[in-house]
Amino acid sequence: MSDQPRRPRPSGKPYRRPQKDPVRILAFEALRAVDERDAYANLVLPPLLRKARDKGDFDARDAALATELVYGTLRRQGTYDAIIATCVDRPLGEVDPPVLDVLSLGAHQLLGTRIPTHAAVSATVELARVVLGDGRAKFVNAVLRKVAREDLDGWLERVAPPYDEDPEDHLAVVHSHPRWVVSALWDSLGGGRAGIEELLRADNERPEVTLVARPGRATAEELLGEDAAVPGRWSPYAVRLSEGGEPGAVPAVRDGRAGVQDEGSQLVAIALANAPVDGPDRRWLDGCAGPGGKAALLAALAAERGALLVASEKQTHRAGLVARALDGNPGPYQVIAADGTRPAWRPGSFDRVLVDVPCTGLGALRRRPEARWRRRPQDLEGFAPLQRGLLRTALESVRVGGVVGYATCSPHLAETRAVVADVLKQHPGTDLLDARPLLPGVPDLGDGPDVQLWPHLHGTDAMYLALIRRTG
């Protein structure tokens, strides 16, 4: 080894090896997976966190920070893009995506967290040195120093169009939703600025983790014995975990006697199970059962009455998820892999049918914030034939006197009332039931007879439910 001192860098500063920050590196890896593979953060992040904990790199505070960095950056992506665009010397589309991810992580730390400005900038620049190299780190440093000159409110005054000139564009930038999503949600609410702003804000909040106690296997009282657990708001089977609660640490969840399920999804299953039917009540169908949350609750409720649940899912691997969710159910059930638009059963075979149809997912933007940037208005046209086909099959599958529940995790009118209205025109022997009395205690359910739940009003995903009785 030479005795000569290490040659200084051209700037006159000695070389310094980049310092690896496992929290921010993990957050960056999660964002790259979302961007490159069209992955969902709620599926990518948990295994990354488990791996980091197993290696001993993370404690609970590290995991919480990494989670906040990933979800916060994704939720506020539109706002941060508008801000970053004013701080770079080229169109945003010409900035390499990995660089833009690092800049967005830095912008979130500066504008969306309590991390001190100096720490936010230095930590992000250090991340850039590790994952991008020294040259790009200098670019990141220059941009973030410009971002740091204003707080979030100051930036919004600069980059958001005035509300009076373009209210939809203003809300899109301020609340970080695509303009077309703002317009669609506003239409679904029926107008009113207060309602739309409250909804958009709710979409940007971290949702609570909600558990469901599967009847006959666990009780809400049992789950309430866990640390950080509080009762659900509306479902008798729901228990909410306060911030920091870990579902995997709950024995009933590990055993499959309870699961993670939004309270809105629970209410849909409960309402269908409690809807009045004429005649026998022995055979139920979940026609779009994957990944199995509603099917598991329906199967447990059916078992209490001695009824059989048939859970049908087109995709084989998702049918496997349904089978795992139902494993251990106290009553009879059957899981099949079948196309819900080409049923493997005779018409009129069931007393109750649920179809929770594939949709844009605009009702679950709290949980899947990247979906707002991934979806396009033309996606509605792609889902429309499938949604109508599934509802038609459901109506053909239920007997006269039985009930169909049409549900979707989207409040978009093209996926909710428009679908129901179009299909019922072709099936005159049907009646819409008033679903509101089947959600006792739940306020702000509108004029009926269908029900639209909202994050800002009910603390749930924006689930839609229409109950239809077949009369002929």
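Laid out as a table, the results:
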| read-out | value |
| --- | --- |
| The range 355-429 - percent of accessible surface contributed by carbon and sulfur, probe 1.4 Å | 57 percent |
| Top positive-direction residue, dipole computed over the range 6-151 with Cβ charges, set Leu103, Asn42, Ala119 | Ala119 |
| Residue-averaged [θ]222 nm for the chain, counting only DSSP H segments that reach four residues, each worth -39500 (n - 2.57) | -14000 deg cm²/dmol |
| Dipole axis of the chain (+1 Lys, Arg; -1 Asp, Glu on Cβ), positive-most option in Val253, Gly135, Ala202 | Gly135 |
| Cleavage-rule hits, GluC sites (Glu not before Pro), the range 142-171, DSSP coil, Cβ neighbours within 10 Å at most 14 | Glu165 |
| Built amide H within the under 5 Å cut-off of Ser176, gap 5+ | Thr79 |
| Summed residue charge, Cβ within 13 Å of Leu445's Cβ, Lys/Arg positive, Asp/Glu negative | -3 |
| For the range 354-375 versus the range 185-231, the gap between their alpha-carbon centres in whole angstrom | 15 Å |
| Which of Gly328, Ser312, Phe28, positive extreme of dipole for the chain (C-beta unit charges) | Phe28 |
| C-alpha long axis of helix 117-131 to longest principal axis of the chain, angle in ° | 90 degrees |
| Under-5 Å amide H pairs with Val209, H placed in peptide plane, nonlocal only | Leu241 |
| Cα-based Lys pair tally, the chain, threshold under 23 Å, eight or more apart or on separate chains | 6 |
| Burial ranking of peptide ranges 328-335, 461-468, 58-65 (average Cβ count within 10 Å, highest at the top) | 461-468, 328-335, 58-65 |
| Residue-normalised accessible area of the range 140-262, expressed per residue, 1.4 Å probe, Å² | 47 Å² |
| Rounded tilt (10° steps) of 379-397 against the dominant C-alpha axis of the chain | 20 degrees |
| Separation of alpha-carbon centers, the range 288-350 and the range 79-146, rounded to whole Å | 47 Å |
| Given charges at beta-carbon only (K, R positive; D, E negative), |dipole| of the chain in Debye | 1460 debye |
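The values are calculated or read from the model by the stated rules, or taken from the named source; none is laboratory data. Keep in mind the model is a prediction, meaning the values are calculated, not measured. Ideal geometry is used to build each Cβ from the backbone, glycine not excepted, and the neighbour counts take in all protein chains shown. The protein model used for the area step is the full one, side chains on, heavy atoms only, and it has no ligands, DNA or RNA in it. Shrake-Rupley method; radii C 1.70, N 1.55, O 1.52, S 1.80 Å.
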